[in-house]
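The values are calculated or read from the model by the stated rules, or taken from the named source; none is laboratory data. Computed from a predicted model, the values in this text were never measured in an experiment. FYI the Cβ positions are ideal-geometry reconstructions off the backbone, even for glycines, and counts take in every protein chain you see.
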Amino acid sequence: MRARTTWLRIIAIVAMLVLLGLCNLPSVARAASGDPAIRWQPQLAPRGPVVVVVSLPAQRADVYRNGIRIGTAPVSTGRRGYETPPGVYTILEKQREHFSNLYDDAPMPYMQRLTWDGIALHAGVVPGHPASHGCIRLPSSFAEDLFEVTSRATTVVVTEAPQAPSLLAPVPLAGGDARPEGAVAPFWNPSTAADGPLSLLLSTSARLLVVLRNGVEIGRLPVQLDDGAIPAGTTAYVLLDGTLPSPSPIVPGRPARPWMSIPLDDAQKTAIGGPVVSKGGVRIPPEFALPLYDLLVPGTVLVVSDEPLPRH
């Protein structure tokens, strides 16, 4: 995967993640738009957290709320030399009327900032191919509708994969023995950040699971990888609301939780629709399994990557 999607970027932009709901249900064209490529049906899911998935190769944005796709539209991302970097972002700022600080006060209606160095969602010209200076341009009507359903807690996933997210993907974590030889000492102190969005970063190459709450590291745990459990590339898993009838692979006696997955690159295109790693293929220390399970809330994001993580 390209250097721009290293863990430093992932760690920086998932600090405030609140993610939920990724599946593909059919929708119909928004009648008022006049463009069959623009679809908007928020009534399909009146409540629940929102996530926006932008596919760079497809030049398309899909909007999901509580597990249901409520909108889709063409987009225009960064042209050559100004490419929009893939990654997991959170909306940092929203302004209905905004003018570019970098490009001659160019208008950016319904601006939703993703980074402080110039990447944002906003209404603009969508010619059918990448054409921006790095921002994600949206059709005007769609940008307005999207602005109304998002918040500063909304997550935007920019992916190099052309396909849609997977439905009910098995989470790779499991409880059990996790004492790899030479592993770093576990660190666990949830009181460091008492509340805020929860994010998990799992590096399969470093064999480390880092737990962040509100951008603050509250845990760093060694993991044991089963044979064949190492995935290629980077995938974001999203915890949905509710439980499953099967038992949890993390804590025996607790119900399994529904997860979904979004690939951030195209390395896993053949695995979409099934588990990216074998169920229970990544095991965490048993004394941390229950405390971690009890922290999980709908919207928790687990980013699994073969990129290395720095060790303390």
* Pair list, Cβ < 6 Å and 6+ apart or interchain, from the range 204-218 residues that are in the same structural domain as residue 236 (by TED's automatic domain parsing) to residues that are of a type in the set (Gly, Ala, Ser) and part of a strand (DSSP E or B) -> 211/219; 212/199
* To do: Within the range 208-227, identify whether any single residue is buried (at least 20 other Cβ atoms within 10 Å of the Cβ), small (Gly, Ala, Ser) and at pLDDT below 80, and answer yes or no.
  => no
* Name, by its number, the condition in (1) surrounded by fewer than 19 Cβ atoms within 10 Å (Cβ to Cβ); (2) in contact with a strand residue (DSSP E or B) (Cβ under 7 Å, 6 or more places away or on another chain); (3) within 30 Å of residue 258 (Cα to Cα) that does not hold for residue 62. => (1)
* The lone exception for residue 238 - which of (1) at pLDDT 80 or above; (2) under 17 Å from the mean Cα position of the chain (by Cα); (3) of a type in the set (A, V, I, L, M, F, W, C) it fails -> (1)
* To do: Go through the range 67-80 and give me each residue that's more than 14 Å from the chain's Cα centre (by Cα) and either in a loop (DSSP other than H, G, I, E, B) or small (Gly, Ala, Ser) (or both).
  => 71, 73, 75, 76, 77, 78, 79, 80
* Asked: Would the range 76-89 turn up any residue that is surrounded by 23 or more Cβ atoms within 10 Å (Cβ to Cβ), assigned by TED's automatic domain parsing to the domain that holds residue 125 and aliphatic (A, V, I, L, M)?
  -> yes
